[in-house]
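Enquirer: Take this structure, written in structure tokens, and hold onto it; I'll ask about it next.
The values are calculated or read from the model by the stated rules, or taken from the named source; none is laboratory data. From a predicted model like this one, the values you see are computed outputs, not experimental measurements. All Cβ positions, even for glycine, are placed from backbone atoms using ideal geometry, and neighbour counts span all protein chains on display. Side chains included, ligands, DNA and RNA excluded: accessible areas come from the protein's heavy atoms. Shrake-Rupley method; radii C 1.70, N 1.55, O 1.52, S 1.80 Å.
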Amino acid sequence: MTSIEDLAARIDELEDRVDELETDTQQLEETVDAQAQTIASQREELSQYNTHTQDLEAKLDAASDHRKHLQQRLYAVGSSDTPTDESTTPTSPLQQLIQLPSKALSKLTANQERARFIAKDIREYATNVPAGFALDSSTIRTVLHAKEGRTPHTQTVTRVMDFLDDLGKEGVKIVKRRGTKRVIFSEHAVSELAETSPASAGGSGITDVVMGWR
């Protein structure tokens, strides 16, 4: 009789254990379902964020194109009002930027100064390509990291590329291939930049048009 009672008690214990396991399983399933819903929600938010980012990039590109157009018009007006002396006047605002005297450097924005730093030694950083010389975003990031001791933000690299493009006029352009942006300098533009010496600037500062491009 005792063995039967022990067996019955054991069966009761097993049934209780099964109930506990079923409860644990149900709770685990509920947790998995909740996590799946969270993941789905996060994926949806990420998708919306990516769409929003793409929209912002498109607007930024449009604004950059518009700004460049206005800058070109301003530069054209300034050039028509100022007598040109090819022996002393740089042919591009980027050359004027390089020739700035030290006392005028404090008026530059951080990104203008970074663009100037790169343009001064463009042959050292750029790679020779059929179209002239190419400088990709990764190289600019590496140069700025070496200069400042920290990795620049992606937007900083983009702004520096924009300045090189804007101030380099027709001798510089930005292209995007295989998802990588590059600044392409013509051979003539690189030769002019290489021949430009900061010491030759004398007391002449950068034009108001260039100083306004921030």
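Enquirer: Expressed in nm to one decimal, what extension gain is obtained for the pair residue 43 and residue 138 from 0.36 nm per residue of sequence separation less their Cα-Cα distance?
Expert: Values: separation 95, 0.36 × 95 = 34.20 nm, distance 2.91 nm.
Using 0.36 nm per residue and subtracting the Cα-Cα distance, I get 31.3 nm.
Enquirer: Name the shape class, rounded, prolate or oblate, that the alpha-carbon gyration tensor gives for the stretch 8-63, where a ≥ b ≥ c are the square roots of its eigenvalues, rounded holds for a/c under 1.5, and otherwise prolate holds if a/b is larger than b/c and oblate otherwise.
Expert: Working: a/c = 14.49, a/b = 12.31, b/c = 1.18.
Prolate shape, in that a/c is at least 1.5 and a/b is the bigger ratio.
Enquirer: When only the heavy atoms of the protein chains count and the probe is 1.4 Å, how do 47, 92 rank by accessible area, highest first? All intermediate terms of the calculation are to be shown ahead of the outcome.
Expert: Values: 47 60, 92 15 Å².
Putting 47, 92 in descending order of accessible area: 47, 92.
Enquirer: If packing is taken as the average count of other Cβ atoms within 10 Å, what order do 127-133, 111-117 fall into, highest mean first?
Expert: Numbers: 127-133: 12.7, 111-117: 21.1.
Listed from highest to lowest mean packing, they are 111-117, 127-133.
Enquirer: Extension gain residue 124-residue 16, at 0.36 nm per residue separation less the Cα-Cα distance, in nm?
Expert: Values: separation 108, 0.36 × 108 = 38.88 nm, distance 7.75 nm.
Separation in residues times 0.36 nm, less the Cα-Cα distance, equals 31.1 nm.
Enquirer: In the full protein assembly as shown, how much of residue 151 is accessible to a 1.4 Å probe, in Å² to the nearest 10?
Expert: 90
Enquirer: With the cut-off at 29 Å, tell me which of the pairs 59/120; 59/103; 59/173; 103/169; 103/147 have Cα atoms farther apart than that. List each step's numbers first, then the result.
Expert: Numbers: 59/120 31 Å; 59/103 36 Å; 59/173 19 Å; 103/169 25 Å; 103/147 21 Å.
From 59/120; 59/103; 59/173; 103/169; 103/147, over 29 Å: 59/120; 59/103.
Enquirer: Starting from the residue with the highest accessible area, list 125, 49 in decreasing order, probe 1.4 Å. Please report the intermediate quantities before stating the final value.
Expert: Working: 125 45, 49 140 Å².
Order by accessible area, largest first: 49, 125.
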